[in-house]
Amino acid sequence: VVDRFRLETMQRAISHALVQGGELDIPIYDRRRRGPDKSYSLDLQPGNIVILEGVVALLLALQTARRVVRIYISRDEHLRHSSMAADYRSRQFTDEEFAKLYAERQLDEVPFIVGTRAAADIVVELG
């Protein structure tokens, strides 16, 4: 899962921008390709509040004197499955294609994602 992201590069760039300000290149994740395909630039000033979202954000070891709060959101698995199924149907996946992808993610991604819970300062349990 982490291999899809340039974690060390991301940590250095975000830490630098948080401390000194400056331009930060933000990748835009393409859900179909399961990786970044475009990006945009954001000009950060030292006093800006920054919110990073996603599993990878829990793993970043940011070098900053700023307060960092990590929040992990847990969701009922049945609701997660239903939501994912609807999303992938909207992307023209067949039920069989979705079932295969879901099974792969349960083995590949879910254990990793659940493991990031330990890095959280706050855990939110959604029904």
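The values are calculated or read from the model by the stated rules, or taken from the named source; none is laboratory data. Please read all numbers here as calculations on a predicted model, not as lab measurements. All Cβ positions, even for glycine, are placed from backbone atoms using ideal geometry, and neighbour counts span all protein chains on display. Please note that ligands, DNA and RNA were not included when accessible areas were found on the heavy atoms of the full protein model with its side chains. Shrake-Rupley method; radii C 1.70, N 1.55, O 1.52, S 1.80 Å.
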Glu23: of a type outside the set (Lys, Arg), more than 19 Å from the chain's Cα centre (by Cα) and either surrounded by 14 or more Cβ atoms within 10 Å (Cβ to Cβ) or not in a loop (DSSP other than H, G, I, E, B) (or both), yes or no?
yes
Regarding Leu58, is this residue open to solvent by less than 70 Å² (accessible area, probe 1.4 Å), in contact with a helix residue (DSSP H, G or I) (Cβ under 7 Å, 6 or more places away or on another chain) and either closer than 28 Å to Ile122 by Cα or among the basic types (Lys, Arg) (or both)?
yes
Restricted to region 61-101, and to residues that are in contact (Cβ under 8 Å) with a residue 40 or more places away in the chain and among the charged types (D, E, K, R), which residue is least open to solvent (accessible area, probe 1.4 Å)?
Arg91
Within region 39-48, identify whether any single residue is among the aliphatic types (A, V, I, L, M) and either under 16 Å from the mean Cα position of the chain (by Cα) or not in a strand (DSSP E or B) (or both), and answer yes or no.
no
